[in-house]
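> I have a structure I would like to understand better, so I am pasting it below and will then ask my questions one at a time.
Taken together, the values in this text are just the output of simple stated rules run on the coordinates, not laboratory data. Owing to the predicted nature of the structure, the values given are computational and were not obtained by experimental measurement. Note that we place each Cβ from the backbone using ideal geometry, even for glycine, and neighbour counts take in every protein chain shown.
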Amino acid sequence: SRVLECQGLPIVNGQCDPYATVTLAGPSRQVLHIQELPISKKTKVKKKTNNPHFDEVFYFEVTRPSSYNKKSHFDIEDVDEVDKMEIRVDLWNASNLKFGDEFLGELRLPLKFLRQSSSYEAWYFLQPRDNGNKSLKPDDLGSLRLNVVYTEDHVFSSDYYSPLRDLLLKSADVEPVSASAAHILGEVCREKQEAAIPLVRLFLHYGRIVPFISAIANAEVKRTQNLFTSRDPNTIFRGNSLTSKCIDETMKLAGMHYLQVTLKPIIDEICQVHKPCEIDPVKLKDGENLENNRENLRQYVDRIFTVITKSGVSCPTVMCDIFFSLRESAAKRFQGDLDVRYTAVSSFIFLRFFAPAILSPNLFQLTPHHPDPQTSRTLTLISKTIQTLGSLSKSKSANFKESYMATFYDYFNEQKYADAVKNFLDLISSSGTRDHKSIEQPILLKEGFMIKRAQGRKRFGMKNFKKRWFRLTNHEFTYQKSKGDHPLCSIPIENILAVERLEEESFKMKNMFQVIQPERRVLYIQANNCVEAKDWIDILTKVSQCNKKRLTVYHPSAYLNGHWLCCKATADNTPGCTPCTGGLPANIQLDIDGDRETERIYSLFNLYMPKLEKMQEACGSKSVYDGPEEEEYSTFIIDDPKETYKTLKLIIEGVGTLEQEHAQYKRDKFKKTKYGSQEHPIGDKSFQTYIRQQSEISAHSI
């Protein structure tokens, strides 16, 4: 028996060190043995791989008792019994755990089957462990209810998906957006989440997620405006709409690293230290002090709140762009409510991002397991408080049903917390692509005194340093002599090409940075201290990182006395000699396969084809009959029946073409591949099902 190789073994506790045992088993599944000699043989352990290559040979010789003369022989009374024997191969993960090695799977090869050929080589699916002769009564075991969904997709090359993919990607440009392919997918799927997952991944991959979410968010706001003219602004974007689900999914994908750098250190500490934080007098344990617990909880909430509100510069760009769009939509709809620009954003970033991540850190990859009950209770109390702090509602104590939570919240009933939340929300929703038609007033992000070096706008002007009042909004960066004066200089945000530190050697001054503009103009600035310098660099980089002409290289020192101090180049227009830092982990690259997501969307359209056809009927009904809507059509959002019908027709045609390609692929594949090959290992039930179906079709046709 030669054990060759394995593919795709499971990884257990982050490692896979596999080995195989080969055993000769008797008719009753009892292992044959002679004089207590073991007959299981073992391969070498292959370290750190779940695709091991063993290529090891094991010999088992079966003989009659009279001819037995070697230790490796196995005694068997009747040669016919050989047909009832089998070779069993077990795969194990070599573990250092005290519970022993982990079983990965097994396969059984009847000798009767192997005797038909002198040499036999095939791939096998690993199977669960056989229980042998042990018979368990149903009463001996508990019961477990599962709902398991398994999907298996074959992904073609990109050109197969071009028609459907192009139809989906132009969804943001379709008027109205409810007639777009992406919106229609959300209408026909049973759950909006089902549609949101592949749509978000596809749009993220092709850089179209922001315009798509902006389009469906605007449509949702208009729809609520038409239906409910007195709609409460605090409730927009909070339902299970396609908009909300798409934003949730985008935050999960793009914001995973953001959560790691903000919450993970404190969450780890909470899980490890186990400070008592119970503030419900009824639930206090013996020996615990209520005031001490409140102080422990207050410190945790304060630290997490500070980390969150100081993290605006790390918020991923795609999330900031989406929040900018939400802010604009809400402000246009509720122009009389100045707070709606904050609540539209906080309902996502606090209510649906930070609060759930604190409550269930294991679901956001912040912890490997669900926390223990005491830690879980602490995280629940923190999550409730953070959620309320972020809501900016007028009477926050009324948000709590429990009196002990309302009492605890009095610690945070200060204006400085509301101001911190607003500043944070301003920053993360102000770096979107600026629209000159925006109704938003400029948002003040930071201001304060710093020292600047004259930019030398005149050829022979003085290059002296002066103290000025600097002011940064999401529109421009300005400075003036004193606070409230008319600006002496204004730099539009789109003209900031890079913001980098300046080497101390340039002017023999510490805490300096440079703001680089078009035509090699550079503004040199000295902050009051290193902390202030970093804050200014981070926030200026954040608001300007969407600029299309951002530099990739810069000079870390100044141009003085006819040359650059850093690289000694003499021409003042010499390109930079050092790569720009960017300074922010705001654009994390995601590993997304666009074709895989398009295939998944095709599968969903194919699954819900009856609903697509029903939606076509609804479009026809709306086009020719303007009376009361039939009940079976009322579930669909159809703003423009003709445009929606056109899109539906293209979807159905595209899905039909792909369905034919899949059918042809299966026919070709099953004709050419062999049962027992790597493509169809023995135990592949999909292959067996296909063969059975083909047999039934052939019999029916005959």
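> At a Förster radius of 51 Å, what calculated FRET efficiency corresponds to the Cβ-Cβ distance of Phe400 and Lys467, to the nearest 0.05?
The pair Phe400/Lys467 has a calculated efficiency of 0.60.
> Could you tally the net charge around Ala179, taking each other residue with its Cβ under 10 Å from the Cβ of Ala179, Lys/Arg +1 and Asp/Glu -1?
Around Ala179, the surrounding residues sum to -2.
> In addition: Can you tell me the Rg and Dmax of the stretch 248-429, counting just the alpha carbons, in angstroms?
16.6, 55
> How far, in nm, would the chain grow between Gln335 and Asp280 when pulled straight, counting 0.36 nm per residue and subtracting the alpha carbon separation?
15.7 nm
> Further question on the same structure: First select every other residue whose beta carbon is under 11 angstrom from the beta carbon of Lys483; then total the charges, Lys and Arg +1, Asp and Glu -1.
Charge balance in the 11 Å sphere: +1.
> By how many nm would the segment from Asp166 to Cys567 lengthen if fully extended, with 0.36 nm per residue of separation less the alpha-carbon distance?
139.6 nm
> Which FRET efficiency, nearest 0.05, do Arg190 and Ser158 yield, Cβ-Cβ r, R0 35 Å?
0.75
> Express in nm, to one decimal, how much length is gained between Val45 and Lys84 on full extension, taking 0.36 nm for each residue of separation and deducting their alpha carbon distance.
11.0 nm
> Around Leu199, under 14 Å between beta carbons, what's the net of Lys plus Arg minus Asp minus Glu among the other residues?
My count for the surroundings of Leu199 gives +2.
> Taking 7 Å along the Cα-to-C-beta vector as the label spot, tell me the Met609-Thr635 distance in nanometres, rounded to one decimal.
Roughly 1.9 nm, to one decimal.
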